[in-house]
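Okay, structure first, notes after.
None of the figures in this text is laboratory data; all of them are computed from the coordinates on show. Values in this document were obtained by computation on a predicted structure and should not be read as measured data. With ideal geometry, Cβ positions are generated from the backbone for all residues, glycine too; neighbour counts draw on all protein chains shown.
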Amino acid sequence: MSDFLLRAATTNDAPIILEMLRDLAIYEKVPESGFCLTQEMVLRDMFGAACHCDLAFDGRDAAGIVTWFWTYKSFRGRRGLYVEDLYVKPQYRGHGLGRRFLIDLAGRAQAAGGHMEWQVLDWNAPAIAFYESLGAKLVPQWVNCRLEGAALEKLAS
C-alpha cells in the first residue's frame, strides 16, 4: 500500500478539485452538459461554506478526492456526515485509498455521535461490493426526490 497523504483541500487546490470531480462525472457517465461546476463555485463552496473537501496525494500527484458535509436526522436527534463524492484515480485504486478516506470520515462522524451515509449508482457493482465489504447497508426503501429548473422555479413562486 502506498503512503498517501490525506489533507483538507485549500483554495490553491481548486484546479485539482475541479479536474478530479470532472473525472468522477465522466466515470459516472454524467453528460457533459450535466457537469456545471466551475473553479469559482469550487472556491465559493468547497472549503466549509457548503461542503468540505479532502484530497489524497501520492508524493506530489493528486490521487483521490472526497467531498462531504454535515446533515441532521431529526427523528434520531443525530448529526450525520454525508459523503457527496468519493473518487480515486484509476491508477491508485486497489491500494486502500478509498478505505482510508472512509475511515477518516467515519472517525469524524463517530466523534460527533452521528452516522455516515452516501449514495452509489445502482450499476456500479465494484463500488457496491466495496461498500458492503465495509459493512454498509443499502437502503432500498428510500427514493431520492429532486426539484430543479422550471419545477423548482414554479414551486418557489
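Considering only DSSP beta bridges with both partners in the chain, what is the antiparallel share in %, to the nearest 5?
The antiparallel fraction comes to roughly 85 percent.
For residue 108, put the label point 7 Å out on the Cα→Cβ axis and report which residues of the range 56-81 keep their amide N under 16 Å from it.
Backbone N within reach: 56-57, 64-72, 79-81.
How would you rank 83, 88, 30, going from fewest to most other Cβ atoms within 10 Å of each one's own Cβ?
30, 83, 88
Starting at the first residue of the range 136-151, write each ³J(HN,Hα) from the Karplus equation 6.51 cos²θ - 1.76 cosθ + 1.60 with θ = phi - 60°, in whole Hz, x for Gly and Pro.
5, 10, 6, 10, x, 7, 9, 10, 5, 10, 8, 10, 7, x, 4, 5
State, to one decimal in nm, how far the label point of residue 19 lies from the label point of residue 127, with both points 7 Å from Cα in the Cβ direction.
Between residue 19 and residue 127, the simple spin-label model gives 2.2 nm.
In the chain, which longest range has no trypsin sites (Lys or Arg not before Pro) that are both DSSP loop (not H, G, I, E or B) and surrounded by at most 13 other Cβ atoms within 10 Å?
In the chain, the maximal stretch lacking such sites is 77-136.
Could you please tell me the mean projected area of the C-alpha convex hull for the range 1-51, averaged over all directions and given in square nanometres to one decimal?
Mean orientational projected area (the range 1-51, Cα hull): 4.5 nm².
Grab the other residues whose beta carbon is less than 13 angstrom from that of residue 9, score K and R as +1, D and E as -1, and report the net.
-4
Using alpha carbons only, what's the Rg to Rh ratio of the chain with Rh from Kirkwood?
0.96
Could you size up the charge dipole of the range 5-156 around its Cα centre, putting +1 on the beta carbon of Lys and Arg and -1 on that of Asp and Glu, and report it in debye to the nearest 20?
Dipole size: approximately 600 debye.
If Lys and Arg each add +1 and Asp and Glu each add -1, what is the summed charge of the other residues whose beta carbon sits under 11 Å from the beta carbon of residue 127?
Around residue 127, the surrounding residues sum to -2.
What value, in deg cm²/dmol to 500, does the helix sum -39500 (n - 2.57) over DSSP H runs of n ≥ 4 give at 222 nm once divided by the residues of the chain?
-10000 deg cm²/dmol
If you take the charge dipole of the chain about its Cα centre, with +1 on Lys and Arg Cβ and -1 on Asp and Glu Cβ, which of 20, 57, 156 is farthest toward its positive end?
Positive-end residue among those listed: 156.
For the chain, set up a Gaussian network in which alpha carbons nearer than 10 Å are linked by springs, and say which option among 41, 20, 116 fluctuates the most.
Ranking 41, 20, 116 by mean-square fluctuation puts 41 first.
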